[in-house]
Amino acid sequence: MTDNDKKSANALWGGRFAAGPAEIMEKINASIGFDKQLYAQDIQGSKAHCKMLVARGIISRDDGDAILGGLDQVKDEIEAGKMTWDPALEDIHMHVESRLKEIIGEPAGRLHTARSRNDQVATDFKLWTRDAIDQMDEALGGLQTVLVDKADKYAEVILPGFTHLQSAQPVTFGHHLLAYFEMFARDRGRLQDARTRLNESPLGAAALAGTSFDTDRFMTATELGFDRPTANSLDSVSDRDFALEFLAAASICATHVSRLAEEIVIWSSAQFDYINLSHKFTTGSSIMPQKKNPDAAELCRAKAGRIIGALNSLLIVMKGLPLAYSKDMQEDKEATFDAANAFSLIIAAMAGMVDDMEVKADKMLASTQSGFITATDLADWLVRVLGMPFRDAHHVTGTLVAKAEQKGCDLDGLTLEEMQAVEGRITDDVFSVLSVENSVASRTSYGGTAPARVREQVKAARERLKS
């Protein structure tokens with residue numbers, strides 16, 4: 001950077017700085033490498049601010065028209081790839097203002113009246129985060145739709161339900177998939193809660209204390225789609241709760257994606273063989289020709305750590321900052337941008353995998369034939385038919401499980417006489433509850449796994465998606 005370049009850059013942010021920054025200072029201070037992503041929001045906020053300045057008579061209409069036209073040209077140039085990014089100009093705000101001055105001259109200097117880079121960046125970042133939330137909400141809705149479609153298709157397919165990754169009770173695959181629908185519904189709710197809280201405009205708070213100009217912050221808030229302006233100028237420029245909430249919601253959602261990804265990895269293994277993923281979401285091995293690795297699922301699982309790391313990073317940045325703005329807060333965006341990109345990718349990848357998966361219903365059903373998976377049904381029968389206290393029924397069932405284990409069969413492989421040797425009141429009717437088909441069909445409580453209930457849940461889920 002030449003001395004003239006340094007003087008030009010310094011002229012934008014104060015005559016006190018006669019000499020240019022040291023090279024290392026320029027490198028650590030510049031954020032244009034990542035905050036250029038905010039160009040659309042920066043120009044959107046600047047246009048709203050300009051319109052307000054004109055409406056309040058703070059700048060002339062002619063200057064306002066020149067500024068608005070110039071900002072449109074700057075936006076067009078950026079989107080056409082014609083903007084030259086210069087670290088000496090530090091950030092997106094200075095790039096826009098510098099290019100605006102080249103286009104329209106002296107009126108460009110009036111745009112920054114009654115605002116600061118502090119409220120400007122807070123506004124830009126809020127607008128960007130709001131856009132990111134809207135995009136993520138739409139993507140999650142798409143993932144939920146795929147889950148519901150798959151759940152409807154496989155409402156009657158039976159597989160083991162697990163606790164501790166041990167066979168517990170039979171469930172339907174549709175019911176299993178709808179569990180994730182509910183998780184992602186809560187994730188969307190968290191994102192919407194975060195959006196509601198962030199939707200206050202910091203613009204006009206200026207550096208930290210407000211401004212002496214007769215501005216109208218309600219006008220700019222409305223122009224930018226905010227519900228209202230922020231109430232405290234100090235808080236306005238130092239708040240990054242909105243980014244933390246976005247990252248917190250994204251982190252929780254990413255753990256849900258990771259849990260489903262883990263199940264896909266397990267289900268597609270040779271040991272389980274419950275599903276098949278096509279070549280679209282798997283890769284081969286460089287040395288083992290038989291391998292088909294569920295890499296897309298594994299990467300979804302891994303990227304959850306990246307998103308959680310971004311939340312942790314920003315929490316650490318913010319935890320010790322006094323009011324109001326500190327340069328530490330420049331570190332808010334890079335990790336957030338990265339997390340949002342990763343979040344978008346894993347939602348799209350997961351929707352693709354769920355849609356792609358081929359379900360092997362026969363393998364799922366076959367795996368219910370071990371692990372005494374209808375033991376709870378037997379205990380429930382003893383309570384319901386014989387009037388036995390559940391704890392006593394639990395003990396009797398445990399004894400019968402041990403007997404079946406010794407015999408090398410499942411519960412329905414025991415004879416009536418063998419069962420009656422443990423509990424003499426048992427009748428032939430007990431065998432009606434020992435099939436997995438009857439087991440799942442009997443689970444008709446609200447939210448249960450019975451196919452009839454699953455179809456009701458599918459219908460309700462579709463209605464929720466519409467609303």
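The values are calculated or read from the model by the stated rules, or taken from the named source; none is laboratory data. Nothing here was measured: the structure is a model prediction, and the numbers come from that model. Counting neighbours? That spans all protein chains shown, and the Cβs are built from the backbone with ideal geometry, glycine included. The accessibility values were calculated without ligands, DNA or RNA, using every heavy atom of the protein model including side chains. Shrake-Rupley method; radii C 1.70, N 1.55, O 1.52, S 1.80 Å.
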**Study point:** Pairs with Cβ under 7 Å, 6+ apart, first in segment 89-103 and in contact (Cβ under 8 Å) with a residue 12 or more places away in the chain, second of a type in the set (S, T, N, Q) and assigned to a loop (DSSP other than H, G, I, E, B)
**Key:** GLU90/SER31; ASP91/SER31
Review point. Are any of the residues in segment 135-151 assigned to a strand (DSSP E or B) and either open to solvent by less than 60 Å² (accessible area, probe 1.4 Å) or not hydroxyl-bearing (Ser, Thr, Tyr) (or both)?
Key: no
Review point. On the given criteria, is MET329 touching a Phe, Trp or Tyr at 6+ places or on another chain (Cβ under 6 Å) and in a helix (DSSP H, G or I)?
Key: no
Practice item. Look through segment 311-367, keep the residues that are hydroxyl-bearing (Ser, Thr, Tyr) and farther than 30 Å from SER268 by Cα, and return whichever of them is nearest to the chain's Cα centre (by Cα). Key: THR336
Exercise for review: Would you confirm whether any residue within segment 25-33 is free of Cβ contacts under 8 Å to residues at least 12 places away in the same chain, assigned to a helix (DSSP H, G or I) and charged (D, E, K, R)?
Suggested key: no
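Residue by residue, here is whether (1) assigned to a helix (DSSP H, G or I); (2) on the phi < 0 side of the Ramachandran plot; (3) open to solvent by less than 20 Å² (accessible area, probe 1.4 Å) holds:
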site: SER367; (1), (2), (3): yes, yes, no
site: ASP377; (1), (2), (3): yes, yes, yes
site: GLY398; (1), (2), (3): yes, yes, no
site: GLU405; (1), (2), (3): yes, yes, no
site: THR444; (1), (2), (3): no, yes, no
site: ARG464; (1), (2), (3): yes, yes, no
Point to revise | Matching option when the condition is over 20 Å from ILE264 (Cβ atoms) and small (Gly, Ala, Ser), among GLY142, GLY161, GLY105 | key: GLY105
Exercise for review: Could you tell me which numbered condition VAL317 fails, if it satisfies all but one of (1) in the same structural domain as ALA270 (by the TED database); (2) in contact with a Phe, Trp or Tyr (Cβ under 9 Å, 6 or more places away or on another chain); (3) β-branched (Val, Ile, Thr)?
Suggested key: (2)
**Study point:** Failed item in (1) surrounded by 14 or more Cβ atoms within 10 Å (Cβ to Cβ); (2) in contact with an Asp or Glu (Cβ under 9 Å, 6 or more places away or on another chain); (3) closer than 30 Å to ILE275 by Cα, with ASP412 passing the rest
**Key:** (2)
Study note, to complete from the structure: Log entry, pairs with first residue in segment 158-174 being more than 16 Å from LEU434 (Cβ to Cβ), second being crowded, with 16+ Cβ neighbours inside 10 Å and of a type in the set (S, T, N, Q), beta carbons closer than 7 Å, six or more apart or on different chains, reads LEU159/SER367; LEU159/THR368; GLY161/GLN169; VAL171/THR449; THR172/THR449
Practice item. Would you mind telling me which numbered condition in (1) open to solvent by 40 Å² or more (accessible area, probe 1.4 Å); (2) of a type outside the set (A, V, I, L, M, F, W, C); (3) more than 26 Å from GLU331 (Cα to Cα); (4) touching a residue at least 40 places away in the same chain (Cβ under 8 Å) ASP63 fails? Key: (1)
Study note, to complete from the structure: Flagged in segment 178-224 as without any contact (Cβ under 8 Å) to a residue 24 or more places away in the chain and at positive phi, in numbering order, are GLY210
Exercise for review: Tell me, yes or no, whether segment 102-125 has at least one residue that is touching a Gly at 6+ places or on another chain (Cβ under 6 Å), assigned to a helix (DSSP H, G or I) and farther than 29 Å from SER344 by Cβ.
Suggested key: yes
Exercise for review: Those residues that are buried (at least 22 other Cβ atoms within 10 Å of the Cβ) and under 20 Å from HIS256 (Cβ atoms), I need them from segment 160-171; list them, please.
Suggested key: VAL171
Exercise for review: With the condition kept exactly as written, say whether any residue in segment 53-74 is within 19 Å of ARG115 (Cβ to Cβ), within 31 Å of the chain's Cα centre (by Cα) and in a helix (DSSP H, G or I).
Suggested key: no
